[in-house]
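Note sheet for the following structure.
The values are calculated or read from the model by the stated rules, or taken from the named source; none is laboratory data. Everything numeric here is computed off the predicted structure, so don't read it as measured data. Glycine gets a Cβ as well: all are built from the backbone with ideal geometry, and neighbour counts include every protein chain shown.
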Amino acid sequence: MPDPSFVFAQSLSGLTAAMFLFLIASGLSLIFGVLRVLNFAHGTFYMLGAYTAYQVVQWLQPGPGRFWISVIGAALAVAALGGLVERFLFRHLYGKEELYQLLFTYALVLILGDVAKIIWGTQQKSVSRPPGLTGSFSLFGTTVPHYNLLIILLGPAIAVTFWLVLQRTRAGRVIRAAALDRETLGALGVNVDALYTWVFVVASFLGGLGGALISPMRAIVPGMDTEVIVEAFVVVVIGGLGSFWGTFLGALIYGQVLSFGILLFPRFSIFSVFALMAAVLVIRPWGLLGRPLR
Amino acid sequence: MIVRFATLLIALALAAPAPALAQKAIKVGMPMPLSGPAALFGDPAAKGAQMFVEELNAKGGVLGRKVELLVRDSKADANEAVRVSRELILKENVDFLVGTLTSAEGPAVSVVAKESKIVFIAPIPKTDQLTAADKLHPYVFRVAANTTMEGRSAAEIVAKWPVTRIATIAFDYAYGQDVTKAFVEHIKKIKPSVEIVDQQWPKLGEQDYNPFINAQMAKKPEAIVSSIWGGFFVTYSKQAKALGAFDAVKYNFIGLGEAGSPETTKSMGADYPVGIWGNAYDAFYWDQGSPAHRDYTARLSKFLKEEYPSSWAIQGYIGMQFLAEAIKKAGSTDSDKVAKALLGLTVDTPMGPLTIREKDHQANRGQLYGKTAMDPKYPFPIMKPATYVDPTRFMD
Amino acid sequence: MIRRLPWGWLALVAALVVPALGSRFYTFVANDVVIWALFATSLNLLVGYTGLVSFGHAAYFGIGAYTTGLLMKQAGTPFLAAFVAAGVVAGLFALVFGFFCVRLTRIYFAMLTLAFAQIVWAVCFKWNEVTGGEQGMPDIPYPDFGWLERLGGAVPLIGGYRTSEYFYFLCVLLVGLCLWVLRRVVGSPFGRMLTTIRENPERAEFIGVNVRRYELAVFVLAGAFAGLAGGLFGIFNRGVFPDFAYWTKSSEVLIMTLLGGMGAFAGPAIGALVLIWLNQQIVSYTEYWPLILGIILVVLLFVFPGGLAGAAGAVRRRLARRLAGA
């Protein structure tokens, strides 16, 4: 019978990983839900968020709030980039085949990945935790780092905030309507073009935010984009493409399966995540909380 | 369309690189990771080789010919290392190969070297498999330590600690597997009371070590033997420190894979878990070094423009040193002659004389081991003291 | 007149002539091109002819490579048997995976192909005892060419080549054969039905075609030939590694197919030639090949969605019109 404090510790590390993935995957899910495009470049926005956070930290003097300024700054910068990409490039592909749109997002992965290498080089970079969150405390016999706890709380907080925006505000209603039926929405006089740009901006913000927040915990290194995008795909597939809470659920499941997989079947923890993705697609393709695509 | 084909062929022919000038430099190919977490070690290793080549060429080269070093990014990936090595051989017509870093790259490139009959000196890969009896061939040589030497050296150190419950964490590939095996076998021999309570095997390239650290801590080890290396150690130890792993084992932790190297301690700054044991191939602050070592360190510092020069440059340097000496001894750049010249060759390296033994083409390259501590002279922790562990008695 | 030339035969002759140019490197690049041409053409059966976008085609490439590698290295199987086995085993996996994939459409189909490919990758990556894990399997033996060398003593022109060159000739012949087979398949009623399915699956169902069965059949065919390409590549590369099955390999071959043109049979092969040649040229000037590739891809998508073959076709049509009109 495994030690309960250990089970708690593993589930916490699974939760932390899940919250990062949720931030990234929610943007991916949003773009898919409204624009019906699977954005391969979302992992790249995540990576750029991390690099930009690192850069802003370098520019600023050490001082209170330096870390948080760089996180928000990075997320905003990536959001702006996303908006520009959509407005000037992606928009022209809307009439064309889905394959072309997908390949365009992959071209972005190639281009932006190398741009990051040109600007920041190929060596690994890292960012320290913000002062004040470098410690840890003991809970149920395990050590819980403060920063991890923050992430675990921040994830659901952001989720609830966005959900409220989607449900209660006009903008949110418009987005949900666009996901269901964009032609009618256009006929009703909504500026669908601008809507698409804003969706891209918000989604990129989320991706960049995820990257910036993860920078103190992991290495900032080329290749982090291609690794994370597949993980994000798994999450949105399990939860349901286009479903907000589905993405949250998918992230939770992913985090726990990976975490306990390492304990229970260490050789095949990676395998089990993809097997789960395949199983969901075979049994219930639109995911746990998703709806069938029209 | 036939015109297009012909044009393409002609363009291919025209675009081919111009043949070497009459001076005929000796070309040495160097596949080395220059990007990603492995670049923390790979980049200085390439620079160390470059320094040696520059100094050699300034003295007139070897056999009256200059040496040209072609460095290519192998991305710490075996497939990529094979690809760039074959390109170096087929396109650039290199005469020799000195390079590779990971224990996946080394054996893969060794195969290419064997088939192309090109002398290949591995300055960093440690896995025993590179020079094991079934993989050994006339053209592969190693001037790095190997996993047997490293594992056993570590076992002797850990055996002196007041601990019996030991856990290991290593990457799930040749290096991690072999060094852990060597460690476990030897420590069980010299201290039978030891119990290996847990073993974790993250994949090479892992970014999230939290689940592994948690799983390891649950078994309540008294000591941890890790072989997580390079930039990966930076990530691992940051996460482990946050989870209190070092405190839990009271810093009875040894970081094989050169966790004690100045690069690592420098890059981590205050995040470094001071008090752990580590090893390194070199240390600019090593006070037991010969005058030759002090001279080398001064030259390296100037070449790299670093006040505290890297510890990895030495492996690139030594690799090229052996090659140059062998070419001189053989009096030719013919692969077979140079390969024969390398057997039993002794070279005066900045770390002392090293010899490549005939039995398995392995040099008796020991490493510096030590417990890290802060020192008022430097803004980062150092191994205090850094002791050179002679590996000869560990080599069977 | 341009259309009447036997392009296939000309390409074959051009390929066979490459080693005579004297550079081992040209043979190396040509060998790469030939194998990828088969891989890309097999993918185009799915993407171009049937309209099924697969993100996981590299899985079958990897399966083929590991099959041949394992058989030749561990079991000492002769090359031809190992080569055929690569296609058979890959085809079997394609049958199992494809059965589930063709029940889905569009994005779900693509995601499931990706999921299966990552499963294959994960197994190859972690099953250390069998696949060598992260190390991969270096040291795949070449096929035994001893008989050819001995024959070369007697027959002129056959003797005196290096092993790598013999292997290149073998690749050219085998890939040529495979492409010929695929050409026949694509031109057959089966092949034409695939195009009908791509244009309008509902209409195809309506006229009584079991769309799913056709899709599964082409999925297996595409997987089998990708496996054959993989079997050759493992030997050519002198080693089989897990990233043969990783999703970025799938995207490389997809780009090749797009670059050459999905609408023409020779499109993917042309895409393979141009992309690999371009890669070689660019890499000698700069390390930022992905940046260049990304820009090329963007240009293609916006300006030449039909790829090179599509652009060539448009030029040819314009020329023909002008010749006819003048």
Go through the range C:262-290 and give me each residue that's away from chain A (no Cβ under 14 Å), assigned to a helix (DSSP H, G or I) and closer than 21 Å to B:Asp73 by Cα.
C:Ile276, C:Trp277, C:Gln280, C:Gln281
For the range B:291-352, give me every one of the helices (runs of 4 or more DSSP H) that falls completely inside it and has 3 or more residues that are under 26 Å from B:Pro379 (Cα atoms) and in contact (Cβ under 8 Å) with a residue 60 or more places away in the chain.
B:291-304, B:313-330
Kindly establish whether A:Ser215 is buried (at least 18 other Cβ atoms within 10 Å of the Cβ) and closer than 21 Å to A:His42 by Cα.
yes
Failed condition for C:Ala75, given (1) more than 24 Å from C:Gly260 (Cα to Cα); (2) part of a helix (DSSP H, G or I); (3) aliphatic (A, V, I, L, M), with all others met?
(2)
Hits in the range A:80-104 (condition: away from chain C (no Cβ under 12 Å) and either farther than 11 Å from A:Ser204 by Cβ or of a type in the set (Asp, Glu) (or both))
A:Glu86, A:Arg87, A:Tyr94
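Conditions tested, residue by residue: (1) in contact with a Ser or Thr (Cβ under 9 Å, 6 or more places away or on another chain); (2) closer than 23 Å to B:Ala25 by Cβ.
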{"position": "B:Ala298", "(1), (2)": "no, no"}
{"position": "B:Ser301", "(1), (2)": "no, no"}
{"position": "B:Ala324", "(1), (2)": "no, yes"}
{"position": "B:Gly344", "(1), (2)": "yes, no"}
{"position": "B:Asp360", "(1), (2)": "yes, no"}
{"position": "B:Gly370", "(1), (2)": "yes, no"}
{"position": "B:Asp375", "(1), (2)": "no, no"}
{"position": "B:Lys384", "(1), (2)": "yes, no"}
The helices (runs of 4 or more DSSP H) lying wholly within the range A:106-222 that contain at least 2 residues that are touching a Pro at 6+ places or on another chain (Cβ under 8 Å), more than 14 Å from chain C (Cβ to nearest Cβ) and more than 22 Å from B:Ile213 (Cα to Cα) are none
Output the residues belonging to the range A:273-294 that are surrounded by fewer than 19 Cβ atoms within 10 Å (Cβ to Cβ), without any contact (Cβ under 8 Å) to a residue 24 or more places away in the chain and in contact with a Phe, Trp or Tyr (Cβ under 7 Å, 6 or more places away or on another chain).
A:Val282, A:Pro292
Please give the helices (runs of 4 or more DSSP H) falling wholly within the range B:203-281 in which 3 or more residues are within 13 Å of another protein chain (Cβ to nearest Cβ) and without any contact (Cβ under 8 Å) to a residue 60 or more places away in the chain.
B:210-218, B:230-242, B:245-248
Give the residue that is nearest to the chain's Cα centre (by Cα), with candidates limited to residues of the range B:77-130 that are in a loop (DSSP other than H, G, I, E, B) and of a type in the set (Asp, Glu).
B:Asp77
If C:Val209 satisfies every condition in (1) assigned to a helix (DSSP H, G or I); (2) over 30 Å from C:Val299 (Cα atoms) but one, which is the exception?
(1)
Which residues, taken from the range A:225-257, are surrounded by fewer than 24 Cβ atoms within 10 Å (Cβ to Cβ) and aliphatic (A, V, I, L, M)?
A:Val230, A:Leu249, A:Leu252, A:Ile253, A:Val257
Kindly provide the set of residues from the range A:52-66 that are in a helix (DSSP H, G or I) and surrounded by fewer than 24 Cβ atoms within 10 Å (Cβ to Cβ), ordered by number.
A:Tyr54, A:Gln55, A:Val56, A:Val57, A:Gln58, A:Trp59, A:Arg66
What single numbered condition from (1) facing another protein chain (nearest Cβ under 8 Å); (2) in contact (Cβ under 8 Å) with a residue 40 or more places away in the chain fails to hold for C:Val123?
(2)
Mind telling me which of the residues C:Tyr66, C:Tyr142 ends up being within 14 Å of chain B (Cβ to nearest Cβ), in contact with a strand residue (DSSP E or B) (Cβ under 9 Å, 6 or more places away or on another chain) and closer than 30 Å to C:Val18 by Cβ?
C:Tyr66
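Let's see how each residue does on (1) on the phi < 0 side of the Ramachandran plot; (2) modelled with pLDDT of 95 or more; (3) surrounded by fewer than 24 Cβ atoms within 10 Å (Cβ to Cβ):
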residue: B:Ala15; (1), (2), (3): yes, no, yes
residue: B:Phe41; (1), (2), (3): yes, no, no
residue: B:Gln50; (1), (2), (3): yes, yes, yes
residue: B:Lys59; (1), (2), (3): yes, no, yes
Would you say C:Gly227 is in contact with a Phe, Trp or Tyr (Cβ under 6 Å, 6 or more places away or on another chain), more than 14 Å from chain B (Cβ to nearest Cβ) and part of a helix (DSSP H, G or I)?
yes
Quick one: is B:Ala154 more than 9 Å from every other protein chain (Cβ to nearest Cβ), farther than 23 Å from C:Pro138 by Cβ and either small (Gly, Ala, Ser) or in contact with an Asp or Glu (Cβ under 7 Å, 6 or more places away or on another chain) (or both)?
yes
Just name the residue that is farthest from the other protein chains (Cβ to nearest Cβ) out of those in the range A:223-259 that are in a loop (DSSP other than H, G, I, E, B) and within 19 Å of C:Tyr108 (Cα to Cα).
A:Ser243
Inspect all residues belonging to the range C:148-165 and state whether any of them is touching a residue at least 60 places away in the same chain (Cβ under 8 Å), of a type in the set (D, E, K, R) and closer than 29 Å to C:Leu301 by Cα.
no
Which pairs have Cβ atoms under 6 Å, sit 6 or more apart or on different chains, and link a residue in the range C:290-312 that is free of Cβ contacts under 8 Å to residues at least 60 places away in the same chain to one that is surrounded by fewer than 21 Cβ atoms within 10 Å (Cβ to Cβ) and small (Gly, Ala, Ser)?
C:Phe304/C:Ala311; C:Gly306/C:Gly263; C:Ala309/C:Ala264; C:Gly310/C:Gly263
